2 protein chains.
Amino acid sequence: MPMYTAPIKDIQYVLHDVLEISKKEIVGYDELDRDTTGAIFEEAGKLAEQVLAPLNQIGDTQGCTFENGIITTPDGFKEAFDTVKQGGWSGLDCDPEYGGQGMPYLVGSVVNELFSSSNMAFAMYSGLTHGAYSAIHAHGTDAQKQTYLPKMVSCDWTGTMNLTEPHCGTDLGLLRTKAEPQDDGSYKISGQKIFISAGDHDLSENVIHLVLARIPGGPEGVKGISLFIVPKFEVHEDGTCGARNGVSVGKIEEKMGIHGNATCVMNFDEASGVLLGEEHKGMRAMFTMMNEARNGVAVQGLSQAVPAYQEALQYAKDRLQGRDVTGIKNPDGPADPLIVHPDIRRILMDQKSFIEGARATVCWAATLIDQARREDDDDAEALVSLLTPVLKGFLTEQGFQMTVQAQQVFGGHGYIEESGVSQFVRDARITMIYEGTNGVQALDLVGRKLGLNGGKTVMGLFDTVKTFIKENENDEALKSDFLDPLKSASKDLQAAAMYFMQNGMKNPNNALSGATDFMMLFGHVTLGFMWAKMAKISSDALTSGTSDAAFHQTKVATGRYYMARQLPATCMHLTRIQTGADTLMDLSEGQF
Amino acid sequence: MPMYTAPIKDIQYVLHDVLEISKKEIVGYDELDRDTTGAIFEEAGKLAEQVLAPLNQIGDTQGCTFENGIITTPDGFKEAFDTVKQGGWSGLDCDPEYGGQGMPYLVGSVVNELFSSSNMAFAMYSGLTHGAYSAIHAHGTDAQKQTYLPKMVSCDWTGTMNLTEPHCGTDLGLLRTKAEPQDDGSYKISGQKIFISAGDHDLSENVIHLVLARIPGGPEGVKGISLFIVPKFEVHEDGTCGARNGVSVGKIEEKMGIHGNATCVMNFDEASGVLLGEEHKGMRAMFTMMNEARNGVAVQGLSQAVPAYQEALQYAKDRLQGRDVTGIKNPDGPADPLIVHPDIRRILMDQKSFIEGARATVCWAATLIDQARREDDDDAEALVSLLTPVLKGFLTEQGFQMTVQAQQVFGGHGYIEESGVSQFVRDARITMIYEGTNGVQALDLVGRKLGLNGGKTVMGLFDTVKTFIKENENDEALKSDFLDPLKSASKDLQAAAMYFMQNGMKNPNNALSGATDFMMLFGHVTLGFMWAKMAKISSDALTSGTSDAAFHQTKVATGRYYMARQLPATCMHLTRIQTGADTLMDLSEGQF
């Protein structure tokens, strides 16, 4: 069974050495000194290592069961969920007015990594609740907030997002679920929703469904969609639960992975619900949840790479196979450990350099979210809007590939479920699909986010990178290994954006055809930028005689690998982008 | 449930238009006219579509069961296996002296694609038998051949390869299974083997295990390994089966995929066996099976991409979601089909261009195998030796990625097992691992195959590509879209080989660190070369007024996509290779 070790030291490095969070002028950040975050993450890490990780494979093997209308989660999930609740983890970054601890989003995001790494299917139950909490918090009436939020902050009630219907997922304009207005101001919701993660289960007293539906007579398409709060059990004004509402589980899906999470077909049969936010403006309210969810999924992408890497590394150290061609390393053993072989190291370094670069990126994005929310900073809001599709798309794509690579280190043993590595691959696979497939992220990036504020947001980011390079160009330790590759990759990114500007006008397909490549290119540049920053910080620490030289040397060496071995992908993506739409659109449908 | 359509027309195009097989001076090829191969593949295709494909998902869901020492294959497997036997498919390219039909390897390889595409787990039962047949055919005594081969050709008896032990897979020098010589010239085999595909089952009367073991007193390492024939039931001299031999199944493994194939732990407890080939030269004999098996696995890599693509294509045509940004295509429907969207087309074109390029490559390699075997052509033998690791590594890596991409077209529906696409991903995953992980293929390529005949083999291939480009440089239809990209990619490949020559001597890790990138680079150039050839043939056909213009236009357009969108990867691989070993080898084991 895989063992998970929470990477506290690496996290602390990102937060305090790289991002210097306690120096940031963001409400609440002044309290985030090294000791405080250390204490929080140590506790969360212990829970992840000792309670959640041991249930991960059990969750995969047993899955959820659905009998007589009741869904049962795998053995141990209920007790673990209670432990998480008792620790106050579900309300860590929630509003104190409703029982939350009021910590910054950043802290919640780090804990999300720890919990997801140890048991993603489990972490989704509270994760989705958090998304629903955020939507009600942002768009609910005071009464709604008073009724629902305290119970959701504590996870006594969990939440869901009900978007997808059998005939539509991405194109929500097609959705058919109806909401008939009632005399008392409530609505009767009828329709079928599918792929509802954590749709029902035995972990909480109530499940609060946020449901997209149409009020008859409203506009067609996405402009006629409203968002409703539809609880599993009706909720009285005093906050107690009443009769069963007209919402039921049709079935639970057999999936490739995340077996420990109940993915439900939900049937709404004149279920009683209340409007959340304004009529016909449900998509806007839903996007509050979705943007948060997309950042959360980016973290999930990273999160599965972490234990997969830890397992692969341990195996590479333990498994004796073949000899180092440059000279025997383990003369007393029958063979050398796998880790002596360059091709195994390539895989491990790919994983390590991705994980650490990705973590710096999601933490940076989390500080931007805090800056936007806590300081009403529109520039930060715009920048994180730009980065969200990049993070969701790039980190889940690469995170998945890293789990596949971890499996490769194990050889045949990785294909056997017993080793647990296959589960990381199967669980990670969903992150490329849900909360908008990565193709949809790429379209969001190219179609909407690039043009944000007339292109000023993306230009601002380019400038930030350029300024960093300029400020450090005399640093010989950084120049050839970090700044030059970053400059080159950044130029590729700008050339790609320029290509879209020049060719997307006359034919939008010229931009859309390169969307996924652009997202990947953007992701590489972002991680490259983070690595250059980390290299600067660690190389400065080494120059000034840090007491932890091995740690900082490792950082610099890992970053050097990323720049040398991963960043060259930008050139490939640019070349592809610049071929435009012709070769994609040439064939008629019948010619496929 | 996925439906499979055998791609007969595309196969015939490769064999007759591209490779012009009936013009080749290879024994038996003169009989392979278009009508003959068409008739064979139509029949095989019918079997694949109507008998094997409908059992694929059943095989995945039910898996094999192991109770009271008996393994039961999924419902319908036994009947389907009998149908395959009765059709003589198992002996298609086997020696007529033992009941085979004596067809070229090429024909068998194409049928392998069809059977594997429709049901890979099923096709492995006869596929492994064929490998064992080949080893006995090449290394057995006349008596052994008379005893075993007729029953194996007919698949009344099936075969296995017993290499891996719990502590060793790649490094077979470590293996411990013992073979004690007996007075009658036989051996008693004792030890444990793991990951034995088709290790035991209910499809055949007997299972003939080929087992690597050590004769006590022999040299250490791989030089002391011999190969033995160890039947499940002892075989009398008259060919009838006798008592149960000392070989039993310890358990069957729970795997990520290929559930329909029984992957066994095999326990040998003084099992009676006979030596195959010479004492201590078992590795050589085993390589006969392994080279064949590696080419077969390359075909499997391709094979899973095919039905995954067919499913994704159908879904992309049927599923209505969103509108074409350049203008509505399906005004009478609520939305346009997915296939109008450039990013979906990118995925479909990636798959289509990979599949058709890969098929041309494996068929070309199969003709080389026939030329080597049937014409004793050492150059052909060397060339296919060079290509084998490229095909195994590149086609399984890309084939797997294509199944992942097919899943992406389905969105959430692709993650649900019901759609059947997840199975293609899970089944394809093993092809990157077994018969030597892809990392091992890369080492074989760089460490052994590049230097074959003092480098003459690889230089010969470079010359072939160069000559093709030169011969066609005045062809305007080919120049910019095909010849220029091929020339550039080919230069990248040569530059990489040159880098290894110049830097691998002083430090072999400089070559080994780039091995996987080199394998991928080599694969792209090979497929690019095949596409350039196909483009020439199809563009000539168009010029000369073919009656099937749409077909040939599609080929040219698909090839153009590959050259524009896939071939640029060569530049990335070259850049990575040229960074050498430093960034990989920098960290000490403890720094990971």
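In a solvent-free Debye calculation with one equal scatterer on each Cα, what is log10 I(q)/I(0) for the range A:103-225 at q = 0.18 Å⁻¹, listed in the order of the q values?
-1.09
Enter the Cα centre distance for the pair the range A:327-382 and the range A:194-252, rounded to the nearest angstrom.
39 Å
When ligands, DNA and RNA are left out and all protein chains stay put, how many square angstrom of accessible area per residue does chain B have with a 1.4 Å probe? Don't skip to the answer; put the middle values down first.
Numbers: 20570 Å² over 592 residues.
With all protein chains present, chain B gives 35 Å² per residue.
To the nearest whole number, what is the average tally of beta carbon atoms from other chains within 10 Å of the beta carbons of peptide A:457-467? Each step should come with its number before you reach the end.
Numbers: counts 0, 0, 0, 0, 0, 0, 0, 0, 0, 0, 0.
The per-residue average across the peptide is 0.
First check a/c for the range A:253-327, with a ≥ b ≥ c the square roots of the eigenvalues of its C-alpha gyration tensor; if it is under 1.5, answer rounded, and if not, answer prolate when a/b is larger than b/c or oblate otherwise. List each step's numbers first, then the result.
Working: a/c = 6.27, a/b = 2.68, b/c = 2.34.
Judged from the Cα gyration tensor, the range A:253-327 comes out prolate (a/c at least 1.5, a/b above b/c).
Against the longest principal axis of chain B, how steep is helix B:549-561, in degrees 0 to 90 to the nearest 10, with axes from Cα atoms?
Taking Cα atoms only, the helix is inclined about 80 degrees.
Based on the mean of other beta carbon atoms within 10 Å per residue, what is the order of B:579-586, A:298-305, most packed first?
Values: B:579-586: 20.4, A:298-305: 30.2.
With the highest mean Cβ count within 10 Å placed first, the list reads A:298-305, B:579-586.
What accessible area, summed over both chains, is buried at the B-A interface (1.4 Å probe, Å², nearest 100)?
Numbers: alone 24580 and 24580 Å², together 41140 Å².
For chain B against chain A, roughly 8000 Å² becomes buried.
Within 10 Å of each Cβ of B:168-177, how many other protein chain Cβ atoms are there on average? Each step should come with its number before you reach the end.
Working: counts 6, 5, 8, 9, 1, 5, 5, 0, 0, 0.
The shielding value for this peptide is 4.
Below 14 angstrom from the Cβ of A:Gly460, what's the summed charge of the other residues (Lys, Arg +1; Asp, Glu -1)?
Working: positive: A:Lys449, A:Lys456, A:Lys466; negative: A:Asp377, A:Asp378, A:Asp379, A:Glu381, A:Asp463.
In short, -2.
Could you tell me the convex hull volume per residue, in Å³, taken over the Cα atoms of the range B:451-584? Mind showing how you got there, number by number?
Working: hull volume 13.3 nm³, N = 134.
Convex hull of Cα atoms, per residue: 99 Å³.
Near B:Gln101, within a Cβ-to-Cβ distance under 12 Å, what is the net charge of the other residues, with Lys and Arg +1 and Asp and Glu -1? Walk me through the numbers before you get to the answer.
On the way: positive: none; negative: B:Glu31, B:Asp93, B:Asp95, B:Glu97.
My count for the surroundings of B:Gln101 gives -4.
So what's the gap between the Cα centers of the range B:143-174 and the range B:570-592, to the nearest angstrom?
39 Å
Would you mind listing the distances between the A:Asp269 label point and the same position in each other copy? Use 7 Å along Cα-to-C-beta, nm, one decimal, shortest first.
5.7
Mind checking the angle between helix B:105-139 and chain B's longest principal axis? C-alpha axes, 0 to 90 degrees, to the nearest 10.
40 degrees
Tilt of helix A:34-47 relative to the longest C-alpha principal axis of chain A, in degrees (0 to 90, nearest 10)?
70 degrees
Rounded to the nearest 500, what is the 222 nm mean residue ellipticity of chain A from helices alone, with -39500 (n - 2.57) per DSSP H run of 4+ residues and division by all residues?
Working: 20 runs with 298 residues, N = 592.
Per the formula, -16500 deg cm²/dmol.
Give me the net charge of B:Phe41's neighbourhood, meaning all other residues with Cβ under 14 Å from the Cβ of B:Phe41; Lys, Arg count +1, Asp, Glu -1. Walk me through the intermediate numbers first.
Numbers: positive: B:Lys9, B:Arg34, B:Lys46, B:Arg359; negative: B:Asp10, B:Asp33, B:Asp35, B:Glu42, B:Glu43, B:Glu49, B:Asp93, B:Glu113.
Charge balance in the 14 Å sphere: -4.
What's the average, rounded to a whole number, of partner chain beta-carbon atoms within 10 Å of each residue's beta-carbon in B:435-447?
Taking all residues of B:435-447 together, the mean is 3.
Would you mind listing the distances between the A:Asp82 label point and the same position in each other copy? Use 7 Å along Cα-to-C-beta, nm, one decimal, shortest first.
Its label point is 5.6 nm from the equivalent points in the other copies.
Kindly identify the range B:174-263 as rounded, prolate or oblate by the Cα gyration tensor criterion: order the square roots of the eigenvalues as a ≥ b ≥ c, call it rounded if a/c is under 1.5, otherwise compare a/b with b/c, prolate if a/b is larger, else oblate. Each step should come with its number before you reach the end.
Details: a/c = 2.69, a/b = 1.21, b/c = 2.22.
Oblate shape, in that a/c is at least 1.5 and b/c is the bigger or equal ratio.
Consider the operator that turns chain A into chain B: which A residue has a Cβ nearest its axis, and what is that gap in Å?
Residue and rounded Å distance to the axis: A:Met572, 2.
Take the Cα atoms of chain A, build their convex hull, and give its volume per residue in Å³.
Values: hull volume 102.5 nm³, N = 592.
Dividing the Cα hull volume of chain A by its residues yields 173 Å³.
Which entries of A:Lys24/A:Lys449; B:Lys23/B:Lys533; A:Lys23/A:Lys46 show an alpha-carbon separation above 22 angstrom in the structure shown?
Values: A:Lys24/A:Lys449 26 Å; B:Lys23/B:Lys533 17 Å; A:Lys23/A:Lys46 28 Å.
With Cα atoms farther than 22 Å apart: A:Lys24/A:Lys449; A:Lys23/A:Lys46.
What aspartates and glutamates sit close enough to A:Lys78 to cross-link, taking a C-alpha to C-alpha distance under 18 Å and skipping anything fewer than 8 places away on the same chain?
A:Glu49, A:Asp60, A:Glu67, A:Asp156, A:Asp200, A:Asp202, A:Glu205
Once you put a point 7 Å from the Cα of B:Glu375 and another 7 Å from the Cα of A:Ala550, both along the Cβ direction, what distance in nm separates them?
It is 6.1 nm.
To one decimal in nm, how far is A:Thr464 from the same spot in the other copies, if labels go 7 Å from Cα toward Cβ? Please give the shortest first.
Relative to the other copies, A:Thr464 has label-point distances of 5.2 nm.
So how do A:364-372, B:401-409, B:486-494 stack up, highest first, on mean other-Cβ count within 10 Å? It would help to have the intermediate numbers written out before the result.
On the way: A:364-372: 23.6, B:401-409: 25.2, B:486-494: 20.7.
Peptide ranking by packing, descending: B:401-409, A:364-372, B:486-494.
Over 47 Å, how big is the tail of the calculated P(r) for the protein assembly as shown, in percent of all Cα pairs? Kindly include the intermediate steps, with their values, before the conclusion.
Details: 223273 of 700336 pairs.
Percent of Cα pairs beyond 47 Å in the protein assembly as shown: 32.
Got a number for carbon plus sulfur as a percent of the protein assembly as shown's accessible area, 1.4 Å probe? Before the final figure, lay out each step's value.
On the way: 20340 of 41140 Å².
Carbon and sulfur together cover 49 percent of it.
Evaluate the distance, in nm, between pseudo-label points positioned 7 Å from the Cα of B:Glu20 and of A:Lys78 along their respective Cα→Cβ axes.
According to this spin-label approximation, the distance is 7.5 nm.
The values are calculated or read from the model by the stated rules, or taken from the named source; none is laboratory data. Note that the structure is predicted; figures quoted are calculated from it, not measured. All Cβ positions, glycine included, derive from the backbone under ideal geometry; neighbour counts span all protein chains shown. Heavy atoms of the whole protein, side chains included, go into the accessibility calculation; ligands, DNA and RNA do not. Shrake-Rupley method; radii C 1.70, N 1.55, O 1.52, S 1.80 Å.
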